[in-house]
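Below you'll find the structure, written out as structure tokens, and then a few comments.
The values are calculated or read from the model by the stated rules, or taken from the named source; none is laboratory data. Not measured: the values here are computed from a predicted model. A quick note on method: Cβ atoms are made from the backbone with ideal geometry, for glycine too, and the neighbour counts reach across all protein chains shown.
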Amino acid sequence: MSRLRKDPRAERQERQVAAAGRRPRIDVGHREAKAASGRLRRDPWREWSASLVGESRRKRYDRSQRQMEHGNSARLTRARARDGVEATEISPGQPAVRVIDEPAFLVFAVITAAGGRLSRLDRQLLGAARLLADAGDGGGAAVAITAAFDPVTAKDLARSLGEAGADRVLSVPGDIHPSGTAAALRHHVEAFAPRHMLFAEDGDSADLARRLAVSLNEPLFAGVEHLTPRSAVRALRNGTREVALAPPLLMTLGEDRMKPYESGPCEARPLDIEVGPFGGDPAILSVEIIPGDPASLALSETDFVVSAGNGVSDFAAFGDLAAVLKATPGASRVVCDAGLMPRAAQVGASGTVLAADCYLALGISGAPQHLQGIAGCEHVIAVNTDLHAAMIERAGLAIVQDAQLVMPALVKLLAERQA
Amino acid sequence: MKTIVLLSDARNPVSGRQQLSRLEAQAIGLAAGLCEKPRGLHAGSGEDGVSAGLGHGLAGLDIIDLPATDDPLPALAGFIAKAMGGAGAPELILCGRRGEGGEETGLVPYRLAETLGLPILADAVAIRAGEIAGTLVVDQAMAKGARRRVTIKLPAIVTVHSLAPPPMPFAFGRMRRGEIRHHEPLERLGLPDTAARSDASAEERPHRARPKLMRQSGTASGGPNLHVGPEPDEAARLILDYLEANGIRRYGSS
């Protein structure tokens, strides 16, 4: 929609004639109402056409609060909203991708994007950056800063960054010591002078935020609990007090504090900037990364869980499968009660609530308490004989087949692929 | 190697009594594995909470008497700088990743490192002495159970992650035997104070608990992702393709 959003109250205020007496008097002939905000009108036609499911005669709409995928947003621009009318005709001039050519100011979000994929917290950080960039009159640009942005995987990552709300992408050298990364970040801050800068209150990002705060000699607003364009709130003094102020330059954000960005995709244009070589820390003699062993990881720490339920009877084969899949083994309550798996492996409300990215459920029907335990998993794969099981409904890939037959087939196929 | 553990003014969130922060108790456990007589250092008022550190494995405790409202950083920096100049200089300074009870920004170790010119490493879960004398091998916690093993030259400051081994059990007799020394804050290393420069609009008020976002369930299976009764080999291929397409694992050549 290319027209500006109307503000009827402001228009009414504008038309009001100053007059003595109690009754407000309106000048009906007054036509010069100025737009109160620079925001565009929302277009319900496009939203409805984007949530149209299938191409059958009877219209079916999916109105769940699901994050818009790239395919959907592409469909949103192409879809025929009404017969014979293209969506672009309904809202001419509106680009499919949101472009901010000359940003009024910048908001940096430093994200990890481990393995070239955005985590929940990364999306939430970009959502917060988008919120601050659109604050007030808007016109700001959200800049994603990541060390994972390399040319090989750049296309996929740039697309998902755009969907998550990033207007620009900046890269920092990643494989150097944290003091070097902090120096590169400082270089970016001095070059672009962002209005705000957001970090994750977690792992290396938290470390970087503090190094940068010390190096810039700026206060750090750590662990923001509540963020709006006007105020940021964080707890202090053992969680008994809180402090609120206008969002400062440096902030760190914990998980599940901000909503991710959910509207149409942004541009994610890579910014080219020369970053000089930053020397490592002379005190650090060697660095070695030791990957985590999924078999020995705690369920709450791992990223991929393969879980057995009542449909699995051969637990030796299940253990082998978990090992070759490089996944952490889990189990449902029934299996743990029967003593076939240790209690520590139980997934669900009375076991472990997972924070994993992916969950492969073998022979699990999906009791409500079990589904609570996997509520945070982004990808769920279900193998079950019952077509009407709750787990089949929940899963992103549902296979109605006996798990006992699928397990050896998986092991065989993995051996073939790795050979 | 001589080790100092920095202790903060943690309080019980319910009763408000002084207590030892769990993260610092874990730091004491790590220090006790390296050094026979680790010492604690606390700048603040009162010793009720931090003296529990003696029961968890500290040999002695230095307390710099400061009013609770004062910034502890200059006094800490002055004390450590003086100790490093003398005999038996501390080589390793351990602390939690975020102290409790004050502003809780987690900046104290970083400012201390800046003032004293020491290297700093964050999020240690295991520490041992390096093969070369005067070095330290630190395992840093990373996401998804990975560890980064860093060898660093001493002296250094290291902050401790909550995934470090649990603290040593508390022993009352050990706490009674421990020696507590009180010091006056004689020497203060001047630092530019950013807290004073912070926004004038800052408003401090009683904390209000704010709920976190609900974790929404992910995508549900639509038409194309539901497969009824495929051959087991076909099912296995579908599962592996799904895993690789979503970037969960790569089972190819590597």
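Quick notes
One line per residue, one yes/no per condition, for (1) modelled with pLDDT under 75; (2) part of a loop (DSSP other than H, G, I, E, B); (3) polar (S, T, N, Q); (4) more than 29 Å from A:Ala135 (Cα to Cα):
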residue	(1), (2), (3), (4)
A:Met1	yes, yes, no, no
A:Ala10	no, no, no, no
A:His30	no, yes, no, yes
A:Ala35	yes, yes, no, no
A:Arg42	no, yes, no, no
A:Trp45	no, no, no, no
A:Glu55	yes, yes, no, yes
A:Ala74	yes, no, no, no
A:Pro92	yes, yes, no, no
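- Restricting segment A:204-213 to residues that are touching a Pro at 6+ places or on another chain (Cβ under 7 Å) and more than 7 Å from chain B (Cβ to nearest Cβ), the residue that is farthest from B:Ala124 (Cα to Cα) is A:Leu208.
- When restricted to residues that are more than 21 Å from A:Thr181 (Cα to Cα) and either surrounded by 22 or more Cβ atoms within 10 Å (Cβ to Cβ) or within 12 Å of the chain's Cα centre (by Cα) (or both), segment A:103-130 contains 6.
- Residue match in segment B:30-44 (condition: under 13 Å from the mean Cα position of the chain (by Cα) and within 24 Å of B:Leu163 (Cβ to Cβ)): yes
- Residues of segment A:382-416 classified as in a helix (DSSP H, G or I), over 12 Å from B:Ala236 (Cα atoms) and facing another protein chain (nearest Cβ under 8 Å), total: 3
- Of the candidates A:Arg159, A:Arg186, the single residue that is touching a helix residue (DSSP H, G or I) at 6+ places or on another chain (Cβ under 8 Å), among the basic types (Lys, Arg) and either crowded, with 18+ Cβ neighbours inside 10 Å or without any contact (Cβ under 8 Å) to a residue 60 or more places away in the chain (or both) is A:Arg186.
- Residues of segment A:234-264 satisfying the condition of being touching a strand residue (DSSP E or B) at 6+ places or on another chain (Cβ under 7 Å) and modelled with pLDDT under 85: A:Gly264
- Those residues of segment A:285-335 which are touching a residue at least 24 places away in the same chain (Cβ under 8 Å), surrounded by fewer than 20 Cβ atoms within 10 Å (Cβ to Cβ) and outside any loop (DSSP other than H, G, I, E, B), in sequence order: A:Val287, A:Ala295, A:Phe315, A:Ala317, A:Asp320, A:Ala323, A:Val324, A:Val334
- Selection within segment B:64-74 - buried (at least 19 other Cβ atoms within 10 Å of the Cβ) and farther than 15 Å from B:Val50 by Cβ: B:Leu73, B:Pro74
- 2 or more residues more than 8 Å from chain A (Cβ to nearest Cβ): qualifying strands (runs of 3 or more DSSP E) within segment B:101-161: B:120-129, B:135-141, B:156-160
- Only listed residue being in contact (Cβ under 8 Å) with a residue 24 or more places away in the chain and in contact with a helix residue (DSSP H, G or I) (Cβ under 8 Å, 6 or more places away or on another chain), chosen from A:Arg210, A:Arg195: A:Arg195
- Pick from segment A:350-381, criterion more than 8 Å from every other protein chain (Cβ to nearest Cβ), assigned to a strand (DSSP E or B) and over 21 Å from the mean Cα position of the chain (by Cα), ranking: farthest from B:Ala235 (Cα to Cα): A:Thr352
- Selected residue [assigned by TED's automatic domain parsing to the domain that holds B:Leu54 and under 15 Å from B:Cys35 (Cβ atoms)] from B:Ala124, B:Ala171, B:Ala164: B:Ala124
- For segment B:4-54, filtering for residues that are of a type in the set (D, E, K, R) and farther than 19 Å from B:Arg174 by Cα leaves 3.
- Residues being touching a helix residue (DSSP H, G or I) at 6+ places or on another chain (Cβ under 7 Å) and loosely packed, with under 13 Cβ neighbours inside 10 Å - total across segment A:244-275: 1
- No other residue among B:Gly57, B:Gly16, B:Gly85, B:Gly96 is at pLDDT below 95, within 27 Å of A:Asp202 (Cβ to Cβ) and either surrounded by 23 or more Cβ atoms within 10 Å (Cβ to Cβ) or not basic (Lys, Arg) (or both) apart from B:Gly96.
- Within segment B:143-176, restricting attention to residues that are hydroxyl-bearing (Ser, Thr, Tyr) and touching a Lys or Arg at 6+ places or on another chain (Cβ under 8 Å), the residue that is modelled with the highest pLDDT is B:Thr159.
- For the criterion of being more than 10 Å from chain B (Cβ to nearest Cβ) and of a type in the set (A, V, I, L, M), A:Leu216 fails.
- Residues located in segment B:120-149, provided they are more than 16 Å from the chain's Cα centre (by Cα) and surrounded by 22 or more Cβ atoms within 10 Å (Cβ to Cβ): B:Leu136
- With respect to (1) modelled with pLDDT of 90 or more; (2) within 30 Å of B:Lys37 (Cβ to Cβ), the lone exception for B:Glu231 is condition (2).
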